[in-house]
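Student: Below you'll find the structure I mean.
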Amino acid sequence: MENAYWRDPALGRGRTLELPGGPLRMFETGSGAPIVFVHGLLVNANLWRKVVARLAPDFRCIALDMPLGSHELALPEDAPKGAPAAAAMVADALDVLDLDGATLVGNDSGGAISQIVVTTRPERVGRLVLTSCDYRDNFPPKMFSYFKPAAAVPGLLWALLQPMRLRSQRHTPIAYGWLVKRPIERAAEDSYVRPAIGDAGVRRDVRGFVRGSDPSQTNAAADRLGGFDRPALIAWSEEDRFFPQDDGRRLAADLPHARFELVPDARTFSMEDSPERLSELIAGFVREPAPNVTPS
């Protein structure tokens, strides 16, 4: 399908990592301190294209193409799936790439995955950035709770995705309409919706992630965030319709070395709506001296 697997050239060179959980595509550009980007459900590495373009002159930017419904390489049928399995893939990628002190940046369900990473396998993470994302019982947000039954009934997810062939349907509140303030460019939007429409293996991965994910996992991660003793930035979208600001402030309170910032003029996908401000926040945060703490 045309544009199904398009990735913005700003993301850099693509390669495939062979991980214990299955193949993982990633895109890399720039040099300097490493920043690893983790997206959420039904988007891909293109979500970060505008931020990577701004940060790559000064940092090594690595955008993972997580197996969450807009990816190119389906996982093996028997591969573990769900948020903990996705977190293991992120941690395994950091190991394979031999990254130490990386800044991990998560959005949406990628933020839930990142919380699990830093509370289960934090060794290679030097800093954490959470943009608007799931927290505790808000996983997934109530507006997207229909994914659970859709993942449980054979054929229902396929039927649910068919209207997404029409751009007008992609802009409804239960699709991407309330995740952004302004339209997503066509090539990126096509790359978000077309893989799951056209590939049964990709749909299987979506079902596996949804069925293997549960608020008990985000609650367990939140309970352990106090043990992550490295710097954290909570960069929350000021006009988010799915992730309350109070959740972002609670995340900042959970983390011992965190600060909370609002990203103005942005909904959930601040990297689409306000890439300049988000990039400024990330760059300034990565450049800050680390506090004098004892590594965990």
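The values are calculated or read from the model by the stated rules, or taken from the named source; none is laboratory data. Remember, it's a predicted structure, so these values are computed and weren't measured experimentally. Backbone-built Cβ (ideal geometry, glycine too); neighbour counts: all protein chains shown. Side chains included, ligands, DNA and RNA excluded: accessible areas come from the protein's heavy atoms. Shrake-Rupley method; radii C 1.70, N 1.55, O 1.52, S 1.80 Å.
Yes or no, residue by residue, for (1) open to solvent by 20 Å² or more (accessible area, probe 1.4 Å); (2) among the basic types (Lys, Arg); (3) modelled with pLDDT of 90 or more; (4) under 18 Å from Met271 (Cβ atoms):
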site	(1), (2), (3), (4)
Leu161	no, no, no, no
Leu179	no, no, yes, yes
Glu185	yes, no, yes, yes
Asp199	yes, no, yes, no
Phe209	no, no, yes, no
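Student: Condition first: assigned to a loop (DSSP other than H, G, I, E, B) and open to solvent by 30 Å² or more (accessible area, probe 1.4 Å). Now tell me which residues in the range 241-262 satisfy that.
Tutor: Scanning the range 241-262 gives Arg241, Pro244, Pro256, His257.
Student: Something else about it: Report every pair of residues separated by at least 6 positions or lying on different chains whose Cβ atoms are under 7 Å apart, first residue within the range 75-95 and farther than 23 Å from Ser216 by Cα and aliphatic (A, V, I, L, M), second in a helix (DSSP H, G or I) and open to solvent by less than 10 Å² (accessible area, probe 1.4 Å).
Tutor: Cβ pairs passing all conditions: Leu75/Asp205.
Student: Could you list, ordered by first residue, the pairs with Cβ atoms under 9 Å in which the first is in the range 212-234 and at negative phi and the second is in a helix (DSSP H, G or I) and of a type in the set (Lys, Arg), at least 6 apart or interchain?
Tutor: Matching pairs, first to second residue: Ala222/Arg250; Ile234/Arg249.
Student: Any residue at all in the range 9-30 that's open to solvent by less than 20 Å² (accessible area, probe 1.4 Å), of a type in the set (D, E, K, R), more than 19 Å from Val210 (Cβ to Cβ) and in contact (Cβ under 8 Å) with a residue 24 or more places away in the chain?
Tutor: So far as the range 9-30 goes, no, none of its residues is open to solvent by less than 20 Å² (accessible area, probe 1.4 Å), of a type in the set (D, E, K, R), more than 19 Å from Val210 (Cβ to Cβ) and in contact (Cβ under 8 Å) with a residue 24 or more places away in the chain.
Student: Right, another one. Return the residue satisfying two criteria in turn: it lies in the range 211-240 and is in a helix (DSSP H, G or I) and polar (S, T, N, Q), and of such residues it is surrounded by the most Cβ atoms within 10 Å (Cβ to Cβ).
Tutor: Of everything passing the filter in the range 211-240, Thr218 is surrounded by the most Cβ atoms within 10 Å (Cβ to Cβ).
Here's the yes/no breakdown for (1) among the charged types (D, E, K, R); (2) under 24 Å from Arg194 (Cβ atoms); (3) not in a helix (DSSP H, G or I):
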{"site": "Pro67", "(1), (2), (3)": "no, yes, yes"}
{"site": "Glu72", "(1), (2), (3)": "yes, yes, yes"}
{"site": "Pro84", "(1), (2), (3)": "no, no, no"}
{"site": "Asp98", "(1), (2), (3)": "yes, no, yes"}
{"site": "Ser114", "(1), (2), (3)": "no, no, no"}
{"site": "Thr119", "(1), (2), (3)": "no, no, no"}
{"site": "Gly126", "(1), (2), (3)": "no, no, yes"}
